[in-house]
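Okay, so here's the structure we're looking at.
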Amino acid sequence: MSMNLEREKAVLPPSQMTDTKRVSIGKVLFGATIISMLTALYFIFIFANEEKTMRAAQKIFYYHVSSAWLAFLAFFVTFFFSILFLIKRKRIYDTYAYVSAEIGVVFTIIVLTTGPIWARSAWNTWWVWEPRLITTLILFFIYIAYIMIRQMDGVWDKKARLAAVFGIIGFADVPIVFFAIRWWQTKFHPIVFGDGPSQKGGGIEDTMLVALLVTITAFTILYSYLLHKGVSFEKMKITVEQYKERLRESLDK
Amino acid sequence: MNLFRTAFLLAQKDLYSELKTKQILVTQIIFAGLVIVVFSFAFDPANNTTKAVIPGIIWVIIVFSGILGLNRSFISEQRNDTMQGLLVAPMEAASIYLGKFLANFAMILVVEIVSVPFLFLLFDFKFLGSFPYFLLVIFLGSFGFIAIGTFLAALAANSKSSEMLLPLLLFPITTPILIGVVQATKIILTNMDQFSSALAWIQLVTAYDVIFFVVCFLLIDYVLEV
């Protein structure tokens, strides 16, 4: 592995970056996030009807589902950019995959935190060993492992390659989350969209559906803001690293 | 054809060197025995309810002793600096994977043949279910576990702390298979009335085996790049 070491120490090619234009995108996304979040709050607490049995505790549902959606979206983006990286081998795709996985892990934690809080008031228990809960937990562990691959030592392109491979393999777990609900015939999670087979009281009231969709939109905008911010941070880190390498190079001379 | 021939050669090489040193296999079998002993402390073998945890114990043994072997399979190549040799040899990365898979699979089968009867013996377990199906479940489960395990071992071998990394990568990815296999084993060993659902689990596990084996085959080229 001496070759890898040499490559690790080697001076990286200078980066070409045009940051002036991207700053404005970030600001636009930031503004859009704030506005859409406030709108979502209005829809959740004022527009949507209160649920009959669970009362106000049900309001957490909007954030729970939206976080789950965002996590899945983030992991899909990781999967997508992992494939793209393996084909094109450009560092920017790898950065997107990494940042997206990080955001996904954060929002999976939010799902796994809001879930028990809601479950305590709805099912009167913190945690149930039920397929979808387990698979979400496993999804969380998979992407923790993904991040651990990123923390490995070595040159970036090796880490990026291995992480991309794991990102693809790990995403194969996501369909189970949706598959599990039909496989085990769960009785806890109602199938919200469409007609659930053998599900009584499934479906969702119109006002709640509107509020949910608004929240999901808000979270999607939040995701694109976080992704954009995260990628620009990563780029800064890479640039600083390159400057350090160049400085070290000039000091050695 | 060349793919399989080189794979068999590689598996032969691994098994032959294992036969000479007997390092991994002996460790795996002793470890399996120790797991059984630990379980006998945790669950009283004299108690009748212990029968219910037998299917789980079988898979805990296979998984834990499997991990020991998987950790070694690529590290031994790196320690002897033969990984580069394998990579520049006139064969595809897929046959390295296939060869390592065959060697690991053969070893875990030996461990199972020794440890599972030992477990039944020590826990005084009366076998009631269908024996061919039990063998089928064990075979399918170990196949899937070792297929993904070999792939992830190749991946983790790049890290300096691969022994610690591999279980973290392997367990979450293999959970769906393990759930299915444990359920199927439970039904086959204790309750043959629900055999249709055991068949469904077997189908699930088979589907997983096929999917992940193909995916690993396609992606191994990227893992074994220099």
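The set of residues in segment B:159-170 being without any contact (Cβ under 8 Å) to a residue 24 or more places away in the chain and either within 26 Å of B:I202 (Cβ to Cβ) or within 7 Å of chain A (Cβ to nearest Cβ) (or both) consists of B:S159, B:K160, B:L165, B:L168, B:L169.
Output yes when any residue across segment B:174-182 is within 14 Å of the chain's Cα centre (by Cα) and at the interface with chain A (Cβ under 8 Å from one of its Cβ atoms), and no when none is. The answer is yes; a qualifying residue exists.
Scoring A:I144 on the criteria (1) within 11 Å of chain B (Cβ to nearest Cβ); (2) touching a Lys or Arg at 6+ places or on another chain (Cβ under 6 Å) leaves a single failure, condition (2). Candidates are the residues of segment A:100-118 that are aliphatic (A, V, I, L, M) and in contact (Cβ under 8 Å) with a residue 60 or more places away in the chain; the one that is surrounded by the fewest Cβ atoms within 10 Å (Cβ to Cβ) is A:I103. Restricting segment A:147-164 to residues that are closer than 15 Å to A:K88 by Cβ and facing chain B (nearest Cβ under 9 Å) leaves a set whose member that is surrounded by the fewest Cβ atoms within 10 Å (Cβ to Cβ) is A:R161.
Here is a yes/no grid of residues against (1) of a type outside the set (V, I, T); (2) modelled with pLDDT under 85; (3) surrounded by 11 or more Cβ atoms within 10 Å (Cβ to Cβ); (4) under 30 Å from A:D206 (Cβ atoms):
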{"site": "A:N4", "(1), (2), (3), (4)": "yes, yes, yes, no"}
{"site": "A:K52", "(1), (2), (3), (4)": "yes, yes, no, yes"}
{"site": "A:A56", "(1), (2), (3), (4)": "yes, yes, no, yes"}
{"site": "A:A68", "(1), (2), (3), (4)": "yes, no, yes, yes"}
{"site": "A:A71", "(1), (2), (3), (4)": "yes, no, yes, yes"}
{"site": "A:A74", "(1), (2), (3), (4)": "yes, no, yes, yes"}
{"site": "A:R89", "(1), (2), (3), (4)": "yes, no, yes, no"}
{"site": "A:Y98", "(1), (2), (3), (4)": "yes, no, yes, no"}
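Looking only at residues of segment B:183-226 that are closer than 30 Å to B:E92 by Cα and among the charged types (D, E, K, R), we find that the one that is farthest from the other protein chains (Cβ to nearest Cβ) is B:D209. Taking the conditions (1) modelled with pLDDT of 85 or more; (2) within 14 Å of another protein chain (Cβ to nearest Cβ) in turn, B:I138 satisfies each one other than (2). Taking segment B:11-58 as the range and being over 27 Å from B:A184 (Cβ atoms) and among the hydroxyl-bearing types (S, T, Y) as the test, the residues that pass are B:Y16, B:S17, B:T21, B:T27. How many of the residues making up segment B:1-28 are under 18 Å from B:L70 (Cα atoms) and among the basic types (K, R)? Total satisfying the criteria: 2.
Exactly one residue among B:L122, B:L98, B:L70 is surrounded by 15 or more Cβ atoms within 10 Å (Cβ to Cβ), within 30 Å of B:I187 (Cβ to Cβ) and either in contact (Cβ under 8 Å) with a residue 24 or more places away in the chain or under 11 Å from the mean Cα position of the chain (by Cα) (or both), and that residue is B:L70.
The values are calculated or read from the model by the stated rules, or taken from the named source; none is laboratory data. Here the structure is a predicted model, which means the values were calculated and not measured. With ideal geometry, Cβ positions are generated from the backbone for all residues, glycine too; neighbour counts draw on all protein chains shown.
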